[in-house]
Amino acid sequence: MIPRRVLKPYLAEFLGTALLIVIGDGVVAQCLLSDYQYGTWLSINIAWAAAVCLSSFLSDPSPTINPAVTICLALVRPSAGQWKTIPGKLLAQFLGGFVGAVLVYVNYRSAINAWDPEYTIPGGSILSPTGHHSAGIFSTYPAAVFASNWEAVFSEVLGSAVLMFGCLSISDPGNAHRFPSPHLSLFLLLLMIGAALGWQTGYALNPARDFGPRLFSAIVYGSEVFTAANYYFVVPIFGPILGCVIGALTYDGFLFEGEGSRIADALDKAEAHGSLRLD
């Protein structure tokens, strides 16, 4: 038997991501399916932020529940044996997103059928006579105002960069006295991102948050969830990864003074020896 202590980091990623989707997709479902009688854009922002905050209590260190953050930390803040754990953590995160979407669908199945009996997809080939598109409950789709998906890429990269920059600032040992409650700070960070940068893309910021539920939605809505909006599903997979790396490079390159950052260490060596080299 594998000891529970060994499995705990992976279980925390799985359960944390599943919890994120149950609360996050659940609040979207409640708002949409009730025609916003039982929710608003603010309640969506609050619920997503609270879900991320709550998931951070599941283990110590907290699970990232986000493949973009997991990969970014391995690239910028590497530690011994870190890469060996990444495949298992990524699998746990994507599986958690899938299972969370299943639970949301089971809970709201009758409401979805009543609100959108055609089971339509934003930007899909099947049109809803009422303009309802319930596939957007499970994964993100771009706003109609975009001229191209490249604008959506910029939005996702920007939001993810702010996310990573903020997370590194909150967790910086030099700021420990300023953030007596890092979990509350994380809640406020997600709330700000959703309120300021969220509506155009649904602020995925997280490949597992989008692809796991999208994979499940393909079972219910069909494969067009991947081809809709000019194969938009690629954007919330790679945009957050790029954004998180940019956010980490910015924070570590300009502000971080601690140990363990490849970027900060390389800059310190450059100042000492007059040349820049990433080891």
*Filtering segment 59-76 down to residues that are more than 17 Å from the chain's Cα centre (by Cα) and assigned to a loop (DSSP other than H, G, I, E, B), which residue is nearest to Phe98 (Cα to Cα)?*
Ser59
*asked:* Every residue in segment 129-140 that is modelled with pLDDT of 95 or more and in contact with a Phe, Trp or Tyr (Cβ under 6 Å, 6 or more places away or on another chain), please.
replied: Ala135
_Which condition from (1) surrounded by 22 or more Cβ atoms within 10 Å (Cβ to Cβ); (2) under 13 Å from Gly247 (Cβ atoms) is the one that Gly166 breaks?_
(1)
*Residue in segment 148-163 that is of a type in the set (A, V, I, L, M, F, W, C), within 21 Å of Gln37 (Cβ to Cβ) and in contact with a Phe, Trp or Tyr (Cβ under 8 Å, 6 or more places away or on another chain) present*: no
*Does Leu91 count as closer than 17 Å to Leu15 by Cα and either at pLDDT below 95 or out of contact with any Lys or Arg (no Cβ under 9 Å at 6 or more places or on another chain) (or both)?*
yes
_Subset of segment 36-48 (residues that are of a type outside the set (Phe, Trp, Tyr), surrounded by fewer than 16 Cβ atoms within 10 Å (Cβ to Cβ) and in contact (Cβ under 8 Å) with a residue 60 or more places away in the chain)_ = Leu42
*Give segment 255-270 a look and list any residue that's touching a Leu at 6+ places or on another chain (Cβ under 9 Å) and over 10 Å from Val76 (Cα atoms), or say none.*
Leu255, Phe256, Asp265, Ala266, Leu267, Lys269, Ala270
*Please specify each residue of segment 81-130 satisfying the condition of being closer than 23 Å to Tyr38 by Cα, touching a helix residue (DSSP H, G or I) at 6+ places or on another chain (Cβ under 8 Å) and charged (D, E, K, R).*
Asp116
*Return yes or no: is Tyr38 under 22 Å from Trp115 (Cβ atoms) and either modelled with pLDDT under 95 or out of contact with any strand residue (DSSP E or B) (no Cβ under 8 Å at 6 or more places or on another chain) (or both)?*
yes
*Could you look through segment 179-198, keep only residues that are surrounded by 15 or more Cβ atoms within 10 Å (Cβ to Cβ) and assigned to a loop (DSSP other than H, G, I, E, B), and pick out the one that is modelled with the lowest pLDDT?*
Phe179
*Taking Asp60 as the residue in question, decide whether it is of a type in the set (Asp, Glu), at pLDDT below 95, over 20 Å from Ile241 (Cβ atoms) and surrounded by fewer than 19 Cβ atoms within 10 Å (Cβ to Cβ).*
yes
*asked:* touching an Asp or Glu at 6+ places or on another chain (Cβ under 6 Å) and in contact (Cβ under 8 Å) with a residue 12 or more places away in the chain: is that true of Ala51 in this structure?
replied: no
_Filter result for the condition that a residue is in a helix (DSSP H, G or I) and modelled with pLDDT under 95, over Leu32, Leu7_ = Leu7
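The values are calculated or read from the model by the stated rules, or taken from the named source; none is laboratory data. Here the structure is a predicted model, which is why all the values come from computation and not from measurement. Cβ: placed from backbone, ideal geometry, glycine included. Neighbour counts: every protein chain shown.
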